[in-house]
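The values are calculated or read from the model by the stated rules, or taken from the named source; none is laboratory data. All figures in this text were calculated on a predicted structure; none of them were measured in a lab. Here Cβ is always computed from backbone atoms with ideal geometry, including for glycine, and neighbour counts include all displayed protein chains. Accessible surface is based on the protein model in full, side chains and every heavy atom, while ligands, DNA and RNA are left aside. Shrake-Rupley method; radii C 1.70, N 1.55, O 1.52, S 1.80 Å.
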Amino acid sequence: MAAWWPAMLRAVRRYPWPTNVLLYAALFSAGDALQQRLRGGPADWQQTRRVATVAVTFHANFNYVWLRLLERALPGRAPRTVLAKVLCDQAIGGPVAVSAFYAGMSILQEKDDIFLDLKQKFWNTYKSGLMYWPFVQLTNFGLVPVHWRTAYTGLCGFLWATFLCFSQQSGDGTFKSAFAFLHVKEASALERSPKE
């Protein structure tokens, strides 16, 4: 096992809030960097910094507090309790997080209408999230210790952030637009590759 792992475990137990928040924000920001890489243009570190700012100032902290609030309100890992947590998370936490991302990014990008992306993409993004997050949170609430839940959400959020940042930059909030983009990119890469 890597030498840093025991130190990480001690940090999470001793300082759960900052450790979880920093892990979450780093993974969320890495998701933006990955979507930029997949799009093929030059790295836009200013964009990644904006994503990191939204992740640190809102998303990571919201998730840390929200997940603990859910645990206090609905303690335990019984199947009914886990399902109730997932339902609350999707009915309340999901819409808050999606709204904060689109509005926060628009504020940091100094857009004239900070709610335009939110109005145009919220429902598609929320519905896309309903195909991903309930499964993540079933695992999270059923198996992951409370002190690791925000970091676990950040790990799963890495994939979500990749999709969310793509949607904010050029998608419409649907998985279909992201997969269509990846399909076109793959087809153009195949066309450029030398024939054997």
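The residues of the chain have, on average, 56 Å² of accessible surface per residue, using a 1.4 Å probe with all protein chains present. Under the convention that each Lys and Arg Cβ holds +1 and each Asp and Glu Cβ holds -1, the size of the dipole of the chain around its Cα centre is about 660 debye. The number of Lys pairs in the range 31-146 with C-alpha atoms less than 21 Å apart, excluding pairs fewer than 8 positions apart on the same chain, is 4.
On the beta carbon distance between residue 17 and residue 78, with R0 = 25 Å, the FRET formula returns roughly 0.40.
When peptides 156-164, 38-46 are sorted by average Cβ neighbour count within 10 Å, with the highest value leading, the order is 156-164, 38-46. Extension gain, residue 155-residue 44: 0.36 nm per intervening residue step, less the Cα-Cα distance, totals 37.8 nm. Could you tell me the calculated FRET efficiency between residue 130 and residue 10, based on Cβ-Cβ distance and R0 = 35 angstrom, to the nearest 0.05? My answer for the efficiency is 0.45. Helix 45-54 and the long axis of the chain differ in direction by around 30°, with both axes built from C-alpha atoms. Ranked by the mean number of other Cβ atoms within 10 Å of their residues, highest first, the peptides 69-82, 8-21, 115-128 come out as 115-128, 8-21, 69-82.
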